[in-house]
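Working notes, beginning with the structure itself.
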Amino acid sequence: MTTATTFTPDTQTRLAVARQVADAVLFEGYVLYPYRASAAKNRLRWQFGVLVPPAWSATGEEHDFQHTECLMEPKRDATLALEVRFLHTQRRVVQEARPDGTFETVRELHLDDRVLVPWDEGQEEHVELTVSVTELAGEGVVFPFTRPASEETEPVTDAAGRVVGRLVRRREEISGAVRLSTTELDGPYRVERLCVVVENTSSWTPDSGGDRDAALPYSLVASHVLLRLDAGAFLSMTDPPEWARGAVAACRNLHTWPVLAGEPGSGDLVLSSPIILEDHPAIAPESPGALYDATEIDEILALRTAALTDEEKREARGTDARAAAVIDLADTMPPEVLERLHGAVRSLREVTGRQEPDEQAVFRPETPWWDPGGDASVDPDRDHVLVDGRTVRAGSRVVLRPGLRHTDAQDLFLHGRSALVEAVLHDVDGGVHIAVTVDDDPGADIRREQGRFLYFQPDEVEVLEDA
């Protein structure tokens, strides 16, 4: 029987393994650097997994459903646990206290440590259900759900404890449905195709001036699904066994993609996400915490956040509690934690050299393989390449003729410019790259000092006659 209930301790434990990555999906792009509501890129919110009401979906802008299909090998009497996770948008209004005891809506409210502004917050929502796999055959089951409208008020006090305003948060009613069904596939193995559809069924309709912003409070934001099979296993949709490749190719996944979750080698968990992931995704152990920005590297983001002005940090802290947490994280990050963000090598292993009898020997080269000095066969400062039968090396002068591959818009500005060759480099695939500084570039000395050059292939340069 299908039930909306609290999961068993075993299921909770297993789902918890996948929730760390699922949380990253839930809040991906939630608030972007510089974490201020006034920043241009924070004015268009919610980019991933937004299931809008059907009336707004009809405009063709976004979708009102996600459709997941994956393969599983359930054992007899297996039970499927499902958790739909999404954000429910709540509108936050800022009001300032007046001497007569009333409150007036304002655009901002200045406090000593932050500046409060209107903002859309995301309230986490979960739909949990458990169902026997045998119930899903044929038409399957439908589980409708509703989240009611609500309004909450939070007083705002100053450093002295006096009420200077309040925050009013309003959530609109949203409704949806989860549809589950299975189809047993032909073949020597007991394999079933599981279909999970999550849809927004809210009855909201846009008025004549309605837009996406008006539809968001009635939408399921960052919607994704966690699945757990208590007996049996799911098959990888990314790297299935050879005998299942045809069945995997026949699966339909719309606006989402399922991957195996949990520890590598396990098959009882699936995360179906609007962001395409690899099997068994994991948060990098070096990550100090959630930074929410969808386009940045942790190290760069932490450094730039720490460099914000005090006024920018005050506004960020007043924008959202999660933005305030990022500001505090960047301000208090120890140097050793920041250093770990510079990068990590995970695929190296020791190379075993020749072993003498009864002796364990491990060969460790004096220079690591990733160090340019580790390969004595190349020397960028002295290597050369032939261009139209003429030798080009460091110190040669050339004319740039890029654009053959149409890879860079800057080629339009560099075509025909003369340049000085700084180095000739050979890559591991046998390719040759000519590093140059452009003549009359006022930053050439800085580029040379930092080793930042422009790179061209031999057929993109001509040797100057007077070289």
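Please list 319-327, 219-227, 401-409, 413-421 highest first by mean number of surrounding beta-carbon atoms within 10 Å per residue. Before the final figure, lay out the partial values.
Details: 319-327: 20.1, 219-227: 26.0, 401-409: 12.1, 413-421: 16.8.
My ranking of the peptides, most packed first, is 219-227, 319-327, 413-421, 401-409.
Suppose we keep just the alpha-carbon trace of region 192-296; what are its Rg and Dmax in angstrom?
Every Cα atom of region 192-296 included, Rg and Dmax give 17.6, 54 Å.
Spelling out what I want: for every residue of region 398-406, take phi, set θ = phi - 60°, compute 6.51 cos²θ - 1.76 cosθ + 1.60 (Karplus), and round to whole Hz; glycine and proline get x.
With the stated coefficients, region 398-406 comes to 9, 10, 7, 10, x, x, 4, 9, 6 Hz.
Using θ = phi - 60° and the Karplus relation 6.51 cos²θ - 1.76 cosθ + 1.60, list the HN-Hα couplings for region 445-454 in order, rounded to whole Hz, with x at every Gly or Pro.
Each residue's phi maps through the Karplus curve to give 5, 5, 4, 5, 5, 8, x, 9, 10, 9 Hz.
Given a 1.4 Å probe and every protein chain left where it sits, what share in percent of the accessible area of the chain is carbon and sulfur? Present the calculation step by step, with values, prior to reporting the outcome.
Details: 12750 of 25480 Å².
Answer for the chain: carbon and sulfur cover 50 percent of the accessible area.
Roughly speaking, what is the stretch gain from T102 to A306, that is 0.36 nm per residue apart minus the C-alpha to C-alpha distance, in nm to one decimal?
On the way: separation 204, 0.36 × 204 = 73.44 nm, distance 3.84 nm.
So the chain would gain 69.6 nm between T102 and A306.
For region 18-165, take the convex hull of the Cα atoms, compute a quarter of its surface area, and give me that in nm², please.
13.7
Can you sort M72, M333 by solvent-accessible area, 1.4 Å probe, largest first? Mind showing how you got there, number by number?
Details: M72 0, M333 35 Å².
Sorted by accessible area, descending: M333, M72.
Roughly how big is the chain's charge dipole about its Cα centre, with Cβ charges of +1 (Lys, Arg) and -1 (Asp, Glu), in debye to the nearest 20? Each step should come with its number before you reach the end.
Working: 47 positive and 83 negative charges, 226 e Å.
That gives a dipole near 1080 debye.
Given a 1.4 angstrom probe, what's the average accessible area per residue across region 194-296, in square angstrom?
Working: 4220 Å² over 103 residues.
With all protein chains present, region 194-296 gives 41 Å² per residue.
So how do E135, E462, E449 rank on accessible area, 1.4 Å probe, biggest first, that is with the largest at the start? Please list the in-between numbers first.
Details: E135 60, E462 80, E449 160 Å².
Descending order: E449, E462, E135.
Relative contact order of region 1-141, please, whole-number percent, based on alpha carbon pairs below 8 angstrom and at least 6 residues apart. Show your work: numbers first, answer last.
Details: 157 pairs, mean separation 43.5, N = 141.
Computed over region 1-141, the figure is 31 percent.
Could you tell me which of rounded, prolate or oblate describes region 379-467, using a ≥ b ≥ c as the square roots of the eigenvalues of the alpha-carbon gyration tensor, with rounded for a/c under 1.5 and, failing that, prolate when a/b is larger than b/c and oblate otherwise?
On the way: a/c = 1.21, a/b = 1.08, b/c = 1.12.
Rounded is the answer for region 379-467, as its axis ratio a/c remains below 1.5.
Could you provide, to the nearest whole Å², the per residue accessible area of region 74-157 with probe 1.4 Å?
Values: 4280 Å² over 84 residues.
Ligands and nucleic acids excluded, the figure is 51 Å² per residue.
Given a 1.4 angstrom probe, what's the average accessible area per residue across region 411-464, in square angstrom? Intermediate results must be reported in sequence, preceding the final value.
Numbers: 3200 Å² over 54 residues.
On a per-residue basis, region 411-464 sits at 59 Å².
Starting from the 7 Å offset along Cα-to-Cβ, what nm value, one decimal, do you get for the label separation of W243 and R390?
6.6
Ordering K75, K41 by accessible area with a probe of 1.4 Å, largest first, what comes out?
Details: K75 135, K41 85 Å².
So, going from the largest accessible area down, we get K75, K41.
Simple spin-label model, 7 Å along Cα-to-Cβ: I276 to T157 in nm?
5.2
Using all Cα-Cα distances in the chain, what percent lands in each 20 angstrom bin from 0 up to the longest?
Bin by bin from 0 Å, the calculated values are 18, 38, 34, 11, 0.
Quote the FRET efficiency, to the nearest 0.05, computed for I446 versus T13 with a Förster distance R0 of 56 Å and r equal to the Cβ-Cβ distance.
Working: r = 55 Å, r/R0 = 0.99.
Calculated transfer efficiency: 0.50.
I'd like the Karplus ³J(HN,Hα) series for region 88-104: coefficients 6.51, -1.76, 1.60, θ = phi - 60°, whole numbers in Hz, and an x wherever there's a Gly or Pro.
9, 5, 10, 7, 9, 10, 9, 10, 9, 6, 9, x, 7, x, 8, 10, 10
Exactly which GluC sites (Glu not before Pro) in region 212-292 are in a DSSP loop and have at most 16 other Cβ atoms within 10 Å?
Values: sites: E242, E278, E286; in loops: E278, E286.
Here the GluC sites (Glu not before Pro) that fit, given the DSSP loop and packing criteria, are E278, E286.
Heads up, I need the accessible area for H342: 1.4 angstrom probe, whole protein in place, Å², nearest 10.
140
Per DSSP H run of n ≥ 4, the term is -39500 (n - 2.57); total these for the chain, divide by its residue number, and report the mean residue ellipticity at 222 nm rounded to 500 deg cm²/dmol. Spell out each step's value before the answer.
On the way: 10 runs with 79 residues, N = 467.
Theoretical 222 nm ellipticity from helices: -4500 deg cm²/dmol.
The values are calculated or read from the model by the stated rules, or taken from the named source; none is laboratory data. Here the structure is a predicted model, which means the values were calculated and not measured. In this analysis, Cβ positions are derived from the backbone assuming ideal geometry, glycine residues included, and neighbour counts consider all displayed protein chains. With ligands, DNA and RNA removed, areas are computed over all heavy atoms of the protein, side chains included. Shrake-Rupley method; radii C 1.70, N 1.55, O 1.52, S 1.80 Å.
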